[in-house]
Amino acid sequence: GMALGKIQNGLRDLGVHEQAMMILECLHQDGNIPTAGPLKDLASECFNLLTHMAFKNVRNAATLFSRIDLFLSYLADANGLEFRADETISSLFHDNRLLCTQASGHVERQIVSLVCLKGQ
């Protein structure tokens, strides 16, 4: 079968991640994240896709990291963990020392405060 990296890069070249993030933005526009039904499933699948695109792919992780505020906004929501946005954020930093050092104190503080709030 095709190597994961090749698929990840192909999806990036097609702009699939941009579409997924646009969907997530649309679903979050009025500040109300869908908590049930097909729109909630759609948001979860978008995060799932982004997680797999970023996992052990430094270039994709860097691309998605530029939008980390979007992921954090889902995580900050009361139902944030149901979307597995935390897995997407984790995948950005997994085996990615460069991104770990680039993550600003602002991002680190947001993540730490969310961990404290969510207790996960």
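What separates the Cα centres of the range 19-41 and the range 44-67 is a distance of 17 Å. About its Cα centre, the dipole of the chain is roughly 420 debye, where the only charges are +1 on Lys and Arg Cβ and -1 on Asp and Glu Cβ.
Accessible area ranking (1.4 Å probe, heavy atoms, ligands and nucleic acids excluded), largest first, for Leu99, Leu4: Leu4, Leu99. The share of Cα pairs per 10 Å bin across the chain, counted from zero up to the longest distance, runs 13, 46, 33, 7, 0 percent. Only protein heavy atoms count here; on that basis, with a 1.4 Å probe, Cys116 has an accessible area of about 100 Å².
Computed over the chain, the per-residue total of -39500 (n - 2.57) for DSSP H runs of n ≥ 4 gives a 222 nm mean residue ellipticity of -22000 deg cm²/dmol, rounded to 500.
The values are calculated or read from the model by the stated rules, or taken from the named source; none is laboratory data. Because the structure is a prediction, the values reported are computed rather than measured. Every residue, glycine among them, receives a Cβ derived from its backbone with ideal geometry; neighbour counts consider all protein chains shown. Each accessible area value is taken on the protein alone, full model and side chains, heavy atoms only, with ligands, DNA and RNA left out. Shrake-Rupley method; radii C 1.70, N 1.55, O 1.52, S 1.80 Å.
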